[in-house]
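The values are calculated or read from the model by the stated rules, or taken from the named source; none is laboratory data. Nothing here was measured: the structure is a model prediction, and the numbers come from that model. As a convention, Cβ positions derive from the backbone with ideal geometry for all residues, glycine included, and neighbour counts pool all protein chains shown.
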Amino acid sequence: MRNTISNVPAGTIRKHRPVYQVALYVSLLLLLGLVVMYALGPQRANVMNFAYGTNYGDMFFFNKQLISVVISFAAFAACAIIPYKIFTEKYANWLFVGGLFFCFLLVALGMLGVSFAQETNGAYRWFYLGGLGSFQPAELLKFGILVFIAGFLGKRMRQGKINDVEETLIPLGITAAIAMFIVVVLQKDLGTGLALVAIVLSMLVVSGMRSDILWKILGVLLAAGVMLILIAPHRLERVMTFFQGDHSSASSMDSSSNTYHVQQARIAIGSGGILGLGIGKSVQVSGYLPEAINDSIFAIMGETFGFVGLLIILGLFTALLLGILHISARLPDPGLRLVAAGVFGWVASHVILNVAAMTGVAPLTGIPLPLLSYGGTSMLFIAAALGLVFQLSCYTSHKPLTEGKDSHADLSGRRRFGRTRYARGRRV
């Protein structure tokens, strides 16, 4: 007689130790951002006090960043501990709809002239909450679209309908179009739109969708991107600035121009040399480089730590991204595999677009550098997404799985690769 003691089905992945390197890289980046803010905070406070008549103390920006880091690490821990199905199944729809709602509400209130939803730098991006800081609903939308689209595509993968036009491509296109319309057209936030595209495209590539369909989707996105640039003067100006380079001498002297921004970023990176000027010795943060502690933090770090320091920072991001890919490739569940892939696209798009803009390789997009730039909302939701990946790393298999294949088929052929990550019924 056969009796199964374990209640876990044969071939089911058993929870094991997480990939602690993810938590390590996140902690190092957050700590590095704090160190830099401690050094730059007094200079930034002096600039703000002189320019706007504020009365910020030397520790104002550091203290705010410290609070953001603590809250973000708490979000990382929460998403690493709370069962992932709470995010990926139970509340995925609510997170996505909530993100859309608050983004639309921000635009509506901004157009009505409500004081806490004003337009800034040509875009509606933040709810201003007084002493509590600000909230950027587009970051909630990124997290929402991550878990919602991953669940939708994961279900279609299990059904073998990932390439189906009516049941997959049309609903996906409508969902993405609604999100992009609110973010890019109404909010005028192309940077967030690019991040959303990166999240969804990363999931589509990993889903095993046919290459010809992927190329068609990419073509549609490129055409839409060109149209969105042409109809928006501020976006067209950024693109023209990028192609003109240093030839426009008049705009290069205007501190509000994109040319000036890029030139000062290059000066900051170049003046850092090999080893940098040292902590607390930045010149560009003293009012020369726009958004010095936000979008331009990479350039300031180049000035402070030099070329070697930038290589170390990029090395940390590369190690983190490779770790996320490693986890995604070994997750048997299609939906969870897509969550990890989407987080990869999210973080990678921010790093690539920010660094490219600061080095003059791509136009300015207003995207911050993950975990390092000053500000709480972006850091909070990226940390939460990385915490979710950290939890998912507890459910990986030993070897990479075939893209687009059903998880049950993948599992059945891999039971021989040891018992540490597979629970099998024991016979007595």
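Residue count for the range 46-64 under the criterion of being surrounded by 17 or more Cβ atoms within 10 Å (Cβ to Cβ), part of a helix (DSSP H, G or I) and free of Cβ contacts under 8 Å to residues at least 40 places away in the same chain: the result is 2.
Cβ-Cβ contacts under 9 Å between residues 6 or more apart (or on different chains), taken from a first residue in the range 223-234 that is over 13 Å from Thr365 (Cα atoms) to a second residue that is among the charged types (D, E, K, R) and part of a helix (DSSP H, G or I), are listed as Leu228/Arg235.
Here's the yes/no breakdown for (1) within 26 Å of Ala138 (Cα to Cα); (2) free of Cβ contacts under 8 Å to residues at least 60 places away in the same chain; (3) touching a Ser or Thr at 6+ places or on another chain (Cβ under 8 Å):
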{"residue": "Met180", "(1), (2), (3)": "yes, yes, no"}
{"residue": "Gly193", "(1), (2), (3)": "yes, yes, no"}
{"residue": "Met209", "(1), (2), (3)": "no, no, no"}
{"residue": "Ile213", "(1), (2), (3)": "no, yes, no"}
{"residue": "Lys216", "(1), (2), (3)": "no, yes, no"}
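The one condition from (1) buried (at least 22 other Cβ atoms within 10 Å of the Cβ); (2) on the phi > 0 side of the Ramachandran plot; (3) of a type in the set (Gly, Ala, Ser) that Ala138 does not meet is (2).
Across the range 164-220, the qualifying residues are those that are part of a helix (DSSP H, G or I) and of a type in the set (D, E, K, R), and the one among them that is farthest from Asp333 (Cα to Cα) is Lys216. Condition (residue is of a type outside the set (Lys, Arg), in contact (Cβ under 8 Å) with a residue 24 or more places away in the chain and in contact with a Lys or Arg (Cβ under 9 Å, 6 or more places away or on another chain)) applied to the range 305-326: is it met by at least one residue? No, the conditions are met nowhere in the range 305-326.
Can Ala74 be described as at pLDDT 90 or above, closer than 16 Å to Leu380 by Cα and touching a helix residue (DSSP H, G or I) at 6+ places or on another chain (Cβ under 7 Å)?
Criteria not met by Ala74.
Restricting attention to the range 76-94, the residues being in a helix (DSSP H, G or I) and surrounded by 20 or more Cβ atoms within 10 Å (Cβ to Cβ) number 6.
When each of Gly173, Gly193 is tested for being surrounded by 13 or more Cβ atoms within 10 Å (Cβ to Cβ), in contact with a helix residue (DSSP H, G or I) (Cβ under 8 Å, 6 or more places away or on another chain), at pLDDT below 95 and within 30 Å of Arg337 (Cα to Cα), the lone residue that passes is Gly193.
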